[in-house]
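The values are calculated or read from the model by the stated rules, or taken from the named source; none is laboratory data. Bear in mind that the values here come from a model prediction, so they are computed numbers and not experimental data. Cβ sites come from the backbone with ideal geometry, for glycine too, and all protein chains shown count toward neighbours. Heavy atoms of the whole protein, side chains included, go into the accessibility calculation; ligands, DNA and RNA do not. Shrake-Rupley method; radii C 1.70, N 1.55, O 1.52, S 1.80 Å.
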Amino acid sequence: MMKQVSWFTAVFIILISCNDAGNSDKKEERKNNRVSLRSDSINVVKLTDTLVIYESICRGCVYEESVRFKIADSAAVIKLLTVNTHDNSSSDMQGGNIGKELLLVPVKAGNTRMKLYKFLSPETAHEDSARSQTYTIEVKN
């Protein structure tokens, strides 16, 4: 009977140890977490997260080189860090899409409604205000 209790205790300690190691790995992964923002729900993120919005533009269109993005954040909680361009098509291919990856970072905790504007020309035109998406974001510590 004493051997069974000892054996059970040893197995129990090993299982607990394994779970603790797994949790510490998850905490490390969370520090470099990329969160893809959605416009149809409330996005709950942490200050350590990198926020990502994926956009695409027409490859070979007149406005391909002049597309730019701006954000309007009601509470100054989010900052647009950079826009990365990904063109996975061959150079001799006509048409298709070019991917744009917008990287944003939270600068402080709080709630905000952020508008993302997509401008298709070098000059801001009246119709550009219609090309926007609204994101509701809650940043936690």
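General observations
- Near N111: Cβ cut-off under 12 Å, other residues only, Lys/Arg at +1 and Asp/Glu at -1. The net charge is +1.
- For the set Y135, Y54, solvent exposure ranked by accessible area (probe 1.4 Å, protein chains only) runs largest to smallest as Y54, Y135.
- Taking amide H atoms as placed 1.01 Å from N in the peptide plane, the amide H of I78 lies under 5 Å from those of V107, each 5 or more residues away in sequence or on another chain.
- Residues whose placed amide H lies under 5 Å from that of G96, excluding near-sequence neighbours: R59
- Taking every protein chain into account, the 1.4 Å probe leaves S91 with about 120 Å² of accessible area, to the nearest ten.
- Note on L47/R113: beta-carbon distance plugged into 1/(1 + (r/R0)^6) with R0 of 25 Å gives a FRET efficiency of 0.85.
- Computed with every protein chain present, the accessible area of T50 is close to 40 Å² [probe 1.4 Å].
- Close Lys pairs in the stretch 32-141 (alpha-carbon distance under 21 Å; sequence gap of 8 or more, or different chains): 18.
- The residues of the stretch 43-141 present an accessible area of 57 Å² per residue when probed at 1.4 Å with all protein chains retained.
- Shape of the stretch 43-141, Cα gyration tensor, a/c cut at 1.5: oblate
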